Amino acid sequence: MPYKTGTDLVNEAKQRIREHSPQEVLEMLEQNAKVIYLDVREPNEWNLGHLPNAMHLPRGNLESNIEARAGREEAIVIYCARGNRSALAADTLQQMGYENVSSMADGFGAWIAIGGPVED
């Protein structure tokens, strides 16, 4: 059986999930949409800045801790630095029964590029 690369896994996950552009996420934020913005980056990345009112849960702790932090029916937009970890995280949450989960395409770097607000 041929092995898959990390890129293969990310690309496959992106076929199974919904992605929102940073601009769409900004519009959600500006409209005060009832959404959990879930940052799955590492603590050192989080400490450099994050989306306003975001919840921090590093990717490595996601499966163990999400159920205590968010209901399966809640809208969740997941983001990371470039959109790869968040795609994997969204795919995982869907497998766990979360119904309204998506990933922010191109991640926090793209958020900064469009001038999205950042909280320290």
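Enumerate the calculated ³J(HN,Hα) couplings along region 61-69 in order (Karplus 6.51 cos²θ - 1.76 cosθ + 1.60, θ = phi - 60°), each rounded to whole Hz, writing x wherever the residue is Gly or Pro.
Values per residue, Gly and Pro as x: 10, 4, 4, 6, 10, 5, 4, 7, 10 Hz.
Taking amide H positions as placed 1.01 Å from N in the peptide plane, with prolines and chain starts having none, which residues 5 or more places from LEU38, or on another chain, fall under 5 Å of its amide H?
MET55, VAL77, ILE78, TYR79
Taking the Cα centre of region 6-112 as origin, sum charge times position over the Cβ atoms of Lys and Arg (+1) and Asp and Glu (-1), and report the length of that vector in debye to the nearest 20.
Roughly 120 debye, rounded to the nearest 20.
Could you pull out the trypsin sites (Lys or Arg not before Pro) across region 8-67 that fall in loop regions by DSSP (anything but H, G, I, E, B) with no more than 15 other Cβ atoms inside 10 Å?
LYS34
For the chain, calculate the relative contact order in percent as a whole number, restricting contacts to Cα pairs under 8 Å that are 6 or more residues apart.
Relative CO of the chain lands at 34 percent.
At 20 °C and 1.002 mPa s, what whole-number value in µm²/s does Stokes-Einstein give for the translational diffusion of region 6-112, with Rh from the Kirkwood sum over Cα pairs?
D = 159 µm²/s.
Going through region 73-109, which GluC sites (Glu not before Pro) have at most 10 other Cβ atoms within 10 Å and a DSSP loop state?
When the GluC sites (Glu not before Pro) of region 73-109 are filtered for loop state and at most 10 Cβ neighbours within 10 Å, GLU73 remain.
Per DSSP H run of at least 4 residues, take -39500 (n - 2.57); add these up for the chain, divide by its residues and hand me the 222 nm value, nearest 500 deg cm²/dmol.
So the calculated ellipticity at 222 nm is -10500 deg cm²/dmol.
None of the figures in this text is laboratory data; all of them are computed from the coordinates on show. Note that the structure is predicted; figures quoted are calculated from it, not measured. Neighbour counts are summed over all protein chains in view; Cβ atoms, including those assigned to glycine, are modelled from backbone coordinates with ideal geometry.
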